[in-house]
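Chemist: Following this message is one structure expressed as C-alpha cells.
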Amino acid sequence: MFYEIRNFEDFNKFADSELACLFYFSHDECNVCKVLKPKIQIFIETEYPQIKLFYIDTKIYPQIAAQNSIFVNPTIIIFFNGNEFYRKSRNIGISELSKLIERPYNLMFK
C-alpha cells in the first residue's frame, strides 16, 4: 500500500528513518503513471515486502517534487538506510528495478 506524502518534512522524515523506501512521484492525469503505479505496488509488496511505499501527487504538492528536483512524471526514488540509492524517470522497467534492488535488499533484510 502506498502512503501519501503531503509535505517535505514528512518526505525527509521517512527517507531518513525507514531502512528501505520507495517514493513514487506522479499525478492522476498521467496515463503512464496510472498503469505503472499498481504494477510497482504489486511487485514491491510481493518481492520486496520490507520496502515501504510512498506516493507524492505532483499536481497537489508541486513543492515536494521541486525540492527533490523532480520535473517529469512518473519518477521513483529509492532510499536504503537513509541514502538515495536509485532515481529513475519516465521509462521505468520492473525487471530493471528488480535487478537494482535485489542485492542491497538481500544484504539488509536476509
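Chemist: Count charges around LYS59 for me, please; just the other residues with Cβ under 14 Å from its Cβ, Lys/Arg as +1, Asp/Glu as -1.
Modeler: For residues surrounding LYS59, the net value is -2.
Chemist: Enumerate the calculated ³J(HN,Hα) couplings along the stretch 63-77 in order (Karplus 6.51 cos²θ - 1.76 cosθ + 1.60, θ = phi - 60°), each rounded to whole Hz, writing x wherever the residue is Gly or Pro.
Modeler: 5, 5, 4, 5, 5, 10, 6, 9, 10, 9, 10, x, 9, 10, 10
Chemist: Oh, and also: Local charge sum around TYR3 (other residues, Cβ-Cβ under 11 Å, Lys/Arg +1, Asp/Glu -1)?
Modeler: In short, -1.
Chemist: Nothing charged except the Cβ atoms of Lys and Arg (+1) and of Asp and Glu (-1): what's the magnitude of the dipole of the stretch 2-109 about its Cα centre? Round to the nearest 20 debye.
Modeler: 280
Chemist: If you restrict to DSSP beta bridges whose two residues both lie in the chain, what percentage is antiparallel, to the nearest 5?
Modeler: About 55 percent, rounded to the nearest 5.
Chemist: Please list, ordered by chain and number, the residues whose modelled amide H lies under 5 Å from the amide H of HIS27; skip anything fewer than 5 residues away on the same chain.
Modeler: Amide H to amide H, under 5 Å and 5 or more residues apart or across chains, HIS27 pairs with THR58.
Chemist: Relative contact order for the chain: what percent, with Cα pairs under 8 Å and sequence separation of 6 or more?
Modeler: 34
Chemist: Could I ask something else about it? Sum up the charges of everything whose Cβ sits under 14 Å from the Cβ of GLU96, counting Lys and Arg as +1 and Asp and Glu as -1, but leave GLU96 out. Walk me through the numbers before you get to the answer.
Modeler: Values: positive: LYS39, ARG87, LYS88, ARG90, LYS99, ARG103; negative: GLU47, GLU102.
Result for the neighbourhood of GLU96: +4.
Chemist: Turning to a different aspect of this structure: Which of the peptides 101-110, 33-42 is most tightly packed, and how do the rest follow, going by the mean number of other Cβ atoms within 10 Å of each residue?
Modeler: The packing order, highest mean first, is 33-42, 101-110.
Chemist: How many times 2.2 N^0.38 Å is the alpha carbon radius of gyration of the stretch 2-109? Numbers along the way, then the final one.
Modeler: Working: Rg = 12.8 Å, N = 108, 2.2 N^0.38 = 13.0 Å.
The reported ratio for this selection is 0.98.
Chemist: Also, quick follow-up: Suppose R0 equals 22 Å. What FRET efficiency, 1/(1 + (r/R0)^6) with r the Cβ-Cβ distance, do PHE8 and ARG90 give to the nearest 0.05?
Modeler: Rounded to the nearest 0.05, the efficiency is 0.45.
Chemist: Filter the GluC sites (Glu not before Pro) in the stretch 1-53 down to the DSSP loop ones having no more than 13 other Cβ atoms within 10 Å, then list what survives.
Modeler: GLU29
Chemist: Only sites in a loop by DSSP and with at most 13 other Cβ atoms within 10 Å count here; which chymotrypsin sites (Phe, Trp or Tyr not before Pro) in the stretch 33-101 make the cut?
Modeler: PHE71
Chemist: If I take every Cα pair under 8 Å that is 6 or more residues apart in the stretch 25-66, average their sequence separation and divide by the length, what percent do I get for the relative contact order?
Modeler: Normalised by residue count, the contact order of the stretch 25-66 is 52 percent.
Chemist: Turning to a different aspect of this structure: Unpartnered cysteines of the chain (Cβ-Cβ under 4.7 Å counts as a partner)?
Modeler: CYS21
Computed from the coordinates by the stated procedures, all read-outs in this text should not be read as laboratory data. Here the structure is a predicted model, which is why all the values come from computation and not from measurement. Please note: Cβ atoms are built from the backbone with ideal geometry, for glycine as well, and neighbour counts cover all protein chains shown.
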